[in-house]
Amino acid sequence: MRTSKMIPHKLKKRKFVSSSNVRVPIDDVYKSDHGKGKQTTLDKNNPIKEKLKKVAWKKIAVWAYSIGLPFNAVRDEGFQDAIIAIGEYGRGMPAPSYHNMRVTLLKEILEDTHKFVDSFRPQWKKFRCSIMSDFWTDDKQRSLINFLVNCPTGTVFLKSIDASEHIDNAEYIVKKVNEVIAEVGEENVVHFITDNGSNNKAAGKILEEQHLKLFWTPSAAHCVNLIVQDIGKKEATIATALTEARAIVVCIYNHGRILNMMRKFSKNRELHRSCVTRFATQFYTL
């Protein structure tokens, strides 16, 4: 039963479900119990499938609610991919263990990520690229630096470092940027972008002296932020508007009743709240 010669020609292109000793056409798995060979409908109109789907959805929802998973996580493409993979396995699939998640699978996915980054390297060599650094503070008040590489094909995240103890040290920033340049390939890099902080400006000048073909430019978003701040210092009305805008956002999102009222009259639309890694937050809020 395992050899292709023993499978009728008209069945060779059909999908099969394997057992220990036999291979059964998957269509035959869903035959009716009446023995007439009539295939059961597998779409949403099938009450059995619909009931199983609702049970599975409820189990997923209970799990998500219990761990505080954000609702928009279900919009991620990877979530649907996981659901499809579970369905292809079938009944009785075991969940990955803590060790799998923490060690085995993490190593595999890290290798896949490295391969994804490596797929950009030919483009860096062909078109040349820019290195972008993003300074931000996380919930633990650590000063982190994200390094990204941009080329005409797109932008890819390279790595992140904790620079809490050296955030004001231009020499340290130069050292880390040089490590990124070496990793990307000095011959491929033509541009380096940071914010306008004094430490980054100093680091930019040092890098331009060390790499004659590389030039530094400040972040445009940070420039806009500084422009708005400078205007606010000279014009009292603008400074007042920025202060009141911050106060309004904080007040609304810190009080449940006010937040619900806002969402009711705005038809569930939110105020523009930029993430912690983005500059010009007051400007965007206004």
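The values are calculated or read from the model by the stated rules, or taken from the named source; none is laboratory data. Values in this document were obtained by computation on a predicted structure and should not be read as measured data. Note that each Cβ is placed from the backbone with ideal geometry, even for glycine, and that neighbours are counted across all protein chains shown. Quick note on the areas: whole protein, heavy atoms, side chains included, nothing else; ligands and nucleic acids left out. Shrake-Rupley method; radii C 1.70, N 1.55, O 1.52, S 1.80 Å.
Points to keep in mind about this one:
- Odd one out for residue 157, checked against (1) open to solvent by 70 Å² or more (accessible area, probe 1.4 Å); (2) over 23 Å from the mean Cα position of the chain (by Cα): (2)
- Note on the range 211-243: residues that are loosely packed, with under 12 Cβ neighbours inside 10 Å and either β-branched (Val, Ile, Thr) or in a helix (DSSP H, G or I) (or both) total 7.
- Checked against the criterion of being of a type in the set (S, T, N, Q), surrounded by 11 or more Cβ atoms within 10 Å (Cβ to Cβ) and either modelled with pLDDT under 80 or not in a helix (DSSP H, G or I) (or both), the range 256-268 contains not a single residue that satisfies it.
- Hits in the range 172-197 (condition: over 17 Å from residue 150 (Cα atoms), in a helix (DSSP H, G or I) and touching a residue at least 12 places away in the same chain (Cβ under 8 Å)): 173, 174, 176
- The combined condition, being of a type in the set (S, T, N, Q), modelled with pLDDT of 90 or more and open to solvent by less than 50 Å² (accessible area, probe 1.4 Å), is not fulfilled by residue 200.
- Evaluation of residue 133 against the conditions (1) over 30 Å from residue 163 (Cβ atoms); (2) at pLDDT below 90 shows that the sole unmet condition is (1).
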